[in-house]
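As structure tokens, the structure follows; a few thoughts come after it.
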Amino acid sequence: MTRHDFSERDIHMALDGELPVDERVAYDAWLEANPEMKARSARYVADREALRAAFAGVLDEPVPARLQKIVVGDAPAKMAALNSRWWFAAAAAAMLAIGGVGGYVAGIDRLGLEGPAENQLAEQAIAAHVIYAAEQRHAVEVPASDKDHLQTWLSNKVGLKLVAPDLAAQGFQLVGGRLLPAGESKAAMLLYEDDKGERISLFVTAESAEKAKGTYGSEENGPEAVYWLDKGYGCAVVGSLPRAQLTAVAKSAYSQLLAGLAS
Amino acid sequence: MDEKKAAILGEIPRLRRYARSLLRDRDSADDLVQDCLERALVRLDNWQTGESPRRWLFTIMHHLFIDQMRKVNRRGEAAMLPLEANEAQAAPAEQVESIASREIIDALQAISPDRRAALVMVAIEGFSYAEAANILGVPAGTLMSRIARGRDELRGLLDDAARRRTIRIVEK
């Protein structure tokens, strides 16, 4: 019982079952003699129980079929091209911290669960893409050569600080942009093109009053939209790219748009 | 089904719980588990028989989580989510949370990812310090200080939340 004095560090060790058994008695005596430490220990114990209780239910949830299928499915394991859809949640959390405008994006893989506002945004964005991306000579109102004016003009009209994302790393160059109606409000459309002539568009509106939420919208055999809604803005990236590529482009566009909005 | 796959299947509920404590949102958490399982199956040969599938899988998932958080941090400053902002976030509708649970889950999301992972690993998942340090790939001393600071930070946030609640009641 001639052990050195205990410290706060031992509270954590005791709590986590890391305190050597032969020190336990002396530790308990020390705790009894130090009401402040004892109270602290009690708070930590209560917090741990609350934490365990908060997540206990997860173990009883049925395992989603998509997860089971990965393990027991017949298909040979493919080289992991990571889904990383959860990246959005992590990115949104970080953006929220720096800009205060960020969104909380739930998985973008929930077809059919979208609310009306999200559907509307995606449908408008897809409709605009179908019409204007097919135009060769009149696809945009303001060309990329006049980018500064394009950004100022659209920002003023839409009511958001818009910065056209640089998607060169994904192989896309800005073609230009145009102003569009979006419900009772206005939307900015930015058109991009790669060297094969494949086009994608960004659709941004300040109309959304929705709570932070995000999902993934698609149309049969048509272009797909990856989109986000937050208080004060809605954004969609539309294209007919393979989903992984579209997601990569959207990811980049999203973080740049958010950074622009916050600047 | 071979033994290895059966063992992996048995760990999914725990992986989901860990992912949920890291990311909160249910779909995002399951996406993380999905990435983890896909990577694990590709590297099935790396897993020595006899070794705990749990430690192996948690290590894979933790690496995925930390890699992404680092990428995010390079873009932004920190992945800390202020409590106020968190309160505005809608909890998934299907998730029934008591007020106490909700409060502690919010607070957990607000502490730094490194501390969150260390604390959860030991306090919820029940790993020993040695195991957790191994999974997280940090020295035991680092793990201990993350746990201690994480607990302290968590308690501070809960105290703040309680204080705000009191003020609100008083104002009424």
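Of all the residues in region B:128-142, those that are crowded, with 16+ Cβ neighbours inside 10 Å and more than 10 Å from chain A (Cβ to nearest Cβ) number 6.
Checking the condition in contact with a Phe, Trp or Tyr (Cβ under 6 Å, 6 or more places away or on another chain) and modelled with pLDDT of 90 or more, which residue from B:133, B:117, B:140, B:148 passes? Step through it out loud before you land on a result.
Working: B:133 fails: in contact with a Phe, Trp or Tyr (Cβ under 6 Å, 6 or more places away or on another chain); B:117 fails: in contact with a Phe, Trp or Tyr (Cβ under 6 Å, 6 or more places away or on another chain); B:148 fails: in contact with a Phe, Trp or Tyr (Cβ under 6 Å, 6 or more places away or on another chain).
The conditions single out B:140.
If we keep just the residues of region B:13-49 that are more than 8 Å from chain A (Cβ to nearest Cβ) and more than 24 Å from residue B:124 (Cα to Cα), which is modelled with the lowest pLDDT? This residue is B:49. Any idea which residue in region A:130-148 is modelled with the highest pLDDT, counting only those that are part of a loop (DSSP other than H, G, I, E, B) and under 30 Å from the mean Cα position of the chain (by Cα)? Here the residue is A:140.
Among the residues of region A:61-99, those that are exposed (fewer than 15 other Cβ atoms within 10 Å of the Cβ), more than 8 Å from every other protein chain (Cβ to nearest Cβ) and either outside any loop (DSSP other than H, G, I, E, B) or modelled with pLDDT under 55 (or both) comprise A:65, A:69, A:75, A:76, A:81.
The residues of region A:32-56 that are more than 8 Å from every other protein chain (Cβ to nearest Cβ) and either in contact (Cβ under 8 Å) with a residue 24 or more places away in the chain or within 16 Å of residue B:29 (Cβ to Cβ) (or both), listed by number, are A:37, A:40, A:41, A:45, A:56. Residues of region B:96-105 include at least one that is in contact with a helix residue (DSSP H, G or I) (Cβ under 7 Å, 6 or more places away or on another chain), in a helix (DSSP H, G or I) and at pLDDT 90 or above. Evaluation of residue B:104 against the conditions (1) under 22 Å from residue A:58 (Cα atoms); (2) more than 10 Å from chain A (Cβ to nearest Cβ) shows that the sole unmet condition is (2).
Residues checked against (1) under 38 Å from the mean Cα position of the chain (by Cα); (2) at pLDDT 95 or above; (3) more than 23 Å from residue B:120 (Cα to Cα):
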position	(1), (2), (3)
A:5	no, no, yes
A:8	no, no, no
A:20	no, no, no
A:25	no, no, yes
A:33	no, no, yes
A:44	yes, yes, no
A:50	yes, no, no
A:54	yes, no, no
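Scan region A:149-186 residue by residue and report those that are aliphatic (A, V, I, L, M), modelled with pLDDT of 90 or more and in a helix (DSSP H, G or I). A:150, A:154, A:168, A:169 - these are the residues of region A:149-186 that are aliphatic (A, V, I, L, M), modelled with pLDDT of 90 or more and in a helix (DSSP H, G or I).
Identify, from the list B:26, B:39, B:17, B:54, the residue that is touching a residue at least 60 places away in the same chain (Cβ under 8 Å), surrounded by fewer than 24 Cβ atoms within 10 Å (Cβ to Cβ), closer than 19 Å to residue B:136 by Cα and not aliphatic (A, V, I, L, M).
After ruling out the rest, the residue left standing is B:17.
Listed conditions (1) at pLDDT 75 or above; (2) surrounded by fewer than 23 Cβ atoms within 10 Å (Cβ to Cβ); (3) not in a loop (DSSP other than H, G, I, E, B) are all met by residue B:125, apart from (3).
The values are calculated or read from the model by the stated rules, or taken from the named source; none is laboratory data. Only a predicted model underlies this, so the values are computations on that prediction, with no experimental measurement involved. Every residue, glycine among them, receives a Cβ derived from its backbone with ideal geometry; neighbour counts consider all protein chains shown.
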